[in-house]
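The next block holds one structure in the form of structure tokens; read it before the comments.
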Amino acid sequence: MNERHHPHWPPQVPLHLTLPQTNLFYNAEVSAARFPDKPFIVFYDTPVSFAEFKDEAERIAGFLQRECHVKAGDRVLLYMQNSPQWIIAYYGILRANAVVVPVNPMNMSAELAHYVEDSGATTIIAPQCLFPNVEPLIGNGPGQGLEHVIVATYSDYLKRPAPIAVPEFVAAPRKTFNIDGVTSWQSVLERHIAPGPLTTGADDLCVMPYTSGTTGRPKGCMHTHRSVMSTLLGGCVWFAAPADGVYLSVLPFFHVTGMQGGMNCAVYSGATIVVLPRWDRDAAALCMQKYRVTAWQSISTMMVDFLSNPRLGEYDLSSLSGARGGGAAMPDAIAKKLKALTGLDYVEGYGMSETIAGTHINPPHRPKPQCLGIPVFDVDSRVIDPITLQELPQGETGEIVVNAPQVMQGYWRNPKATEEAFIELDGKRFLRTGDLGHIDEDGYFFMTDRLKRMINASGYKVWPAEVEALMYRHPAIHEVCVIGVKDDKRGETVKALVVPDAAHAGMIGAQEIIDWAHEQMAAYKAPRIVEFVTSLPKSGSGKILWRKLQEEDAARTAAAGGGNERNGSGGAAQ
């Protein structure tokens, strides 16, 4: 195991983490006993105390067991935006001894059908605004399978005048559904059904997030209470999370980073979370000011948008003592802007659905920019040759592999994919991340790119993430995504899709960006094609969908006849 990073370990933090031998719901019981009247959730100024949270989660559990016939180990779908109901439902499912299957609320009926079929779930908890996507799946016919639906109304938890604008879908009044098997959230709570005994242990299944599906149909990652406890407790210890901390929870809870850092860590520590269902930069800043937010977990696209807000100077952000996240490298120019505004370093980390969030995090006292961080508690991470599987020396680029307590058991009902995801090194089971990176002299890990995202231009390897980081230095670029496109001469060439900064829209040309890029990086890396776009597609967790953009470009080229030379003349603004 590489130990070069140990001298840079956070002060007063142990190298080893002893994990509790309990299920996650026990964390809710402890915090409710310690801080019964303390606000756990703040939703548009309406608080939910720890005692109320635990009580309502138990009522949900009782209904799931008695009326939905949910048994220990059954999967229950959780399909909604960040809200008090999301959190209460998550812990209610666990209290019922069942397994949470979080679903991206951006999924439509056809996509949702895969989760129903693959997980075998017969019960779903969803909001009324998404019920039209759920209804076609109710029944026993082809493509169906749902028997019970609990329908939540976000506005049930709007009990005080909100200091910020409430989105229409949140403010909508409760609807009535007269359909067999469909019950409103409020009706469930009013039943006051007590659950049976809590029987799940540390090694029972807890949550099953599905992979993004960029390389095929989404696969369920099987996580036990022990593996989930590993990263939630690890985050609390790494960042010295106090009970009096206040988190801005705006990263989606269905995604492992938001789930662990924005929810489960707070349940364990007894902290307060300020919940926003969707990203809104003004709402985020106002919440920081009003509720004296101490920690904010974000991704690079959020931070780019937040710091480009012309009204940002109107808000008091002085309570913020930590800004952290992951998903994609934070552009150096953005990190410097955050530092200048708040005095804070952006602390990056690295993880995936298969590891229920972070396996690598930067030491808060010594972070490095555009860096994955160092392996955290009890993590053995290496860089290997993806073909020979031999470990590579420091500085050489290869595939990152991980052996750690937070690694999943495998993919649900998919032994072939599970077998392909793991290798054995020195008698230990390592997860193949599919990410390329290298280790520096201090033991810090750096991402080069996804294993399959490399652009091969005239034999030169181009890593899009590196090009994107460089392009963010241009003042006219708000967001950028670099993709590889076919080229008769070079095989592939580099194309940049650019969202211009509002102050520069229509005032800068593609060739100007191309010329500037050639001055900033090696000629083979610099984009030869620049296309201006109004926005870039993103996943529900905020990551830019580079693969979608690349596939769409390839389809357009094929439709136009394909095979033509792609030169450096640049694309026209859209």
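Read-outs: derived from the displayed coordinates by stated rules, not from any lab. All values derive from a computational prediction rather than experimental measurement. A quick note on method: Cβ atoms are made from the backbone with ideal geometry, for glycine too, and the neighbour counts reach across all protein chains shown.
Our note on the geometry: Cα centres of segment 110-135 and segment 221-267, 25 Å apart. Spin-label model, Lys339/Glu117: points 7 Å from Cα along the beta carbon direction are separated by 5.1 nm.
Which of the lysines could a cross-linker bridge to Lys38, judged by Cα under 25 Å and excluding same-chain residues fewer than eight apart? Excluding near neighbours in sequence, the set is Lys54, Lys159, Lys290.
Taking θ as phi - 60° and the Karplus parameters 6.51, -1.76 and 1.60, the scalar couplings of segment 86-99 work out to 4, 5, 5, 5, 4, 6, x, 4, 5, 5, 7, 6, 9, 10 Hz in sequence order, x denoting glycine and proline. Sorting 362-370, 132-140 by average packing, meaning the other beta carbons within 10 Å per residue, from highest down gives 362-370, 132-140. Annotation for Asp37 and Asp442: the two label points, set 7 Å from Cα along the Cα-Cβ direction, are 4.7 nm apart. Protection proxy ranking of 83-93, 33-43, by the mean of other Cβ atoms within 10 Å over each peptide's residues and highest first, is 83-93, 33-43.
Here segment 483-542 and segment 77-108 have alpha carbon centers that stand 38 Å from each other. Remark on Lys38: its backbone amide H falls under 5 Å from those of Phe50, Ala51, a criterion applied only to residues 5 or more positions apart or on other chains, H modelled at 1.01 Å from N.
Taking 0.36 nm per residue of separation and subtracting the Cα-Cα distance, full extension of the segment from Arg4 to Leu545 would add 191.3 nm. Highest mean packing first, where packing is the average number of other Cβ atoms within 10 Å per residue, the peptides 427-435, 371-379 line up as 371-379, 427-435. Computed from backbone phi with θ = phi - 60° and the Karplus coefficients 6.51, -1.76 and 1.60, the 3J(HN,Hα) list for segment 348-354 is 8, x, 9, x, 7, 4, 5 Hz; x is used for glycine and proline. Across the cross-link table entries Lys452/Lys486; Lys339/Lys525; Lys428/Lys543; Lys219/Lys543, which are compared at the Cα atoms, the separations over 22 Å belong to Lys339/Lys525; Lys428/Lys543. Once backbone amide H atoms are built at 1.01 Å from N, Glu492 has Ser458, Asp487 as its partners under 5 Å, excluding neighbours fewer than 5 places away on the same chain. Here segment 330-393 and segment 141-201 have alpha carbon centers that stand 38 Å from each other. Computed from backbone phi, the HN-Hα couplings of segment 448-461 come to 9, 3, 5, 4, 9, 9, 4, 9, 9, 9, 6, x, 8, 8 Hz, rounded to whole numbers (Karplus: 6.51 cos²θ - 1.76 cosθ + 1.60, θ = phi - 60°; Gly and Pro given as x).
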